[in-house]
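Asks: Please see the structure below; I have some questions.
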Amino acid sequence: MRLVAFLGTGCFFSVRPISGLVELHKKHDSRVEFIAVFTDKTYDVWQTRHAKEKEAITFKNLWDKYGYANTLFNVRVFSIVLLNR
């Protein structure tokens with residue numbers, strides 16, 4: 001099973017759930033693959049904004065430079081999607 005979190009560091013409400021996702025990952029790492037997909041406008045923003053919060057992420061942390069993942073999953077607002085394998 002996969003949990004995909006679509007986030008953006010320009011939005012406080014999108015950064016806020018990171019700590020909860022990190023805790024869930026610690027509890028369910030063996031059963032669920034966690035993936036954070038950030039939709040930031042630039043690589044620099046993805047790397048530097050809210051860096052302290054993002055340092056805690058120990059699972060896959062990706063930058064969706066061209067918005068392909070958002071398009072594929074039809075994401076219009078920041079959200080979390082649970083997928084079966």
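Asks: When segment 1-24 is examined, which residues are found to be assigned to a loop (DSSP other than H, G, I, E, B) and at pLDDT 90 or above?
Replies: none
Asks: If you check Glu53 against the conditions, is it of a type in the set (D, E, K, R), more than 20 Å from Arg2 (Cβ to Cβ) and in a helix (DSSP H, G or I)?
Replies: yes
Asks: Which number in (1) without any contact (Cβ under 8 Å) to a residue 40 or more places away in the chain; (2) within 14 Å of the chain's Cα centre (by Cα); (3) at negative phi; (4) exposed (fewer than 14 other Cβ atoms within 10 Å of the Cβ) marks the one condition that Gly67 misses?
Replies: It fails just one condition, (3).
Asks: Please go through segment 25-50 and give me each residue that is touching a residue at least 40 places away in the same chain (Cβ under 8 Å) and either of a type in the set (Lys, Arg) or assigned to a strand (DSSP E or B) (or both), ordered by number.
Replies: Result: Arg49, single match.
Asks: Within segment 1-20, track down each residue that is closer than 26 Å to Asp44 by Cβ and buried (at least 18 other Cβ atoms within 10 Å of the Cβ).
Replies: Listed by number, the residues that qualify are Val4, Ala5, Phe6, Leu7, Gly8, Thr9, Ser14, Val15, Ile18.
The values are calculated or read from the model by the stated rules, or taken from the named source; none is laboratory data. Since the model is a prediction, treat every value here as computed from it, not as a measurement. Positions of Cβ are backbone-derived with ideal geometry, glycine not excepted, and every protein chain shown enters the neighbour counts.
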